[in-house]
1. Write down the percent of antiparallel bridges among all DSSP beta bridges whose residues are both part of the chain, to the nearest 5.
2. If you average the sequence gap of Cα pairs under 8 Å that are 6 or more apart and divide by the length of the chain, what percent do you get for the contact order?
3. Shape call for segment 28-67 from the C-alpha gyration tensor, a ≥ b ≥ c root eigenvalues: rounded (a/c under 1.5), prolate (a/b greater than b/c) or oblate?
4. Determine the shape class of segment 54-108: with a ≥ b ≥ c the square roots of the Cα gyration tensor eigenvalues, call it rounded for a/c under 1.5, and otherwise prolate if a/b is greater than b/c, oblate otherwise.
5. Can you compute the equivalent ellipsoid semi-axes for the chain, i.e. the square root of 5 times each eigenvalue of the Cα gyration tensor, sorted largest first and rounded to whole Å?
6. Could you derive backbone 3J(HN,Hα) for segment 41-47 from the dihedral phi with the Karplus parameters 6.51, -1.76 and 1.60 (θ = phi - 60°), listing whole Hz in sequence and x where the residue is Gly or Pro?
7. Is segment 194-266 rounded, prolate or oblate when judged by the Cα gyration tensor, a ≥ b ≥ c being the square roots of its eigenvalues, rounded requiring a/c under 1.5 and prolate requiring a/b larger than b/c?
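Just so it is clear, none of the values below were taken in a lab; they were calculated from the coordinates. As the structure is a computational prediction, the values presented were derived from the model and not from experiment.
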Amino acid sequence: MLTDPGAPQQLKHRWSLEGNYLYGLTLRRWLRLLRENGFRVSPAYWHRAAFMTVLSAFNSWESWREDVEFGARVAEAELAGPPLFVLGHFRSGTTHLHNLLAKDPQFGTPSTYQACAPFTFLRTEEKATRRYGWMLPERRTSDNVAVSFEEPQEDELALSQLCGVSPYLGMSFPERAPHYERFFTFADANRRDVEAWEHTLLEFMRKLTVRHRKPLILKSPTHTARVARLVELFPEAKFVHIRRNPYDVFRSSVKFFDTTLWYVLLQRPRESQVEGVLRRYRMIYDAYLRERHTVPAGNLCEVRFEDLEAQPLETLERIYGELGLPGFGPFADAARSYLASLGEYKKNPKVPIDPALVEEIQRRWRPIFADFGYPLDDFR
């Protein structure tokens, strides 16, 4: 029965690259991050900090070489078209939807390697993916989704390294999680941090454009809380939001943070995973429900994970129709082939939720249940 799992599980793949979004840091950014957190690294993770220090020195050298070779091209690059943002809370089906949309050849999207090595990927991607691909597990621990350097990935992983303005850093430094969580909405952030984030997002997108030369699809659950700011930056951007039964999101989120989180910790967590999930879900969706009206008519499509799962091609066709995206016919063939390649994908079995937790979820998430049309008693 799902209650409060407390600290994350100690997983067997000790040196796996799965989930550690900080391995692409340069030495300067790494030392700055340590300084911001008072150089407080729990003894259990000293080996991890030492490895990252060595790796960051190598990244700094490669980053300098990349700036020399590609800096002018990146600075002059213009986006190939309005971006498409995939929105939704963690564990709501954003990865599945992102993977499907990325099969459309008219779009480009950051790969896992590009998101995790944002300072160097223009120079190092081809060689590194061949040399280090074996270090990735075949599937994610939390949900059995396939893992590779080529798979689509969240741009937030890149932003967390490039400018340090990201709530993800609270996963590695949980003692200062509240400081980093303000970067979900930027409501309490200073103007310098906001400008740094905006500049970094644009710069990363220009860098992706140099690589892909196509309009971009970006997916990060964090963007769900930043809709108004994204509309301000990209007035013609398209958005697709995917929602899922909140009870399933809760189960999956707790499991995710109780497994994948272990790979990125540099401090012992003090807060329970359950409390963190409950708070962040409400924080993200309070912002989304407040700001989604800022998206111009015809630029936002909202879908259900359950519909995407049951009728994927029909749901994709609705997305393309509502957003006015061209080329669904050729894309449908690629999407169909991708779906066939998944075979008999097996989800992790549902874990019963403690009755006291069900009451707490209902109390704190009631407005989201109502808006998304999920009944409060559907917690099987």
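1. Of all bridge pairs located within the chain, approximately 10 percent are antiparallel.
2. Relative contact order, the chain: 27 percent.
3. Values: a/c = 5.43, a/b = 1.81, b/c = 3.00.
It is oblate, given that a/c is not under 1.5 and a/b is not larger than b/c.
4. oblate
5. Each semi-axis is the square root of five times an eigenvalue, giving 29, 27, 21 Å.
6. My calculation for segment 41-47 gives 10, 5, x, 5, 10, 4, 4 Hz in order.
7. It comes out prolate by the Cα gyration axes.
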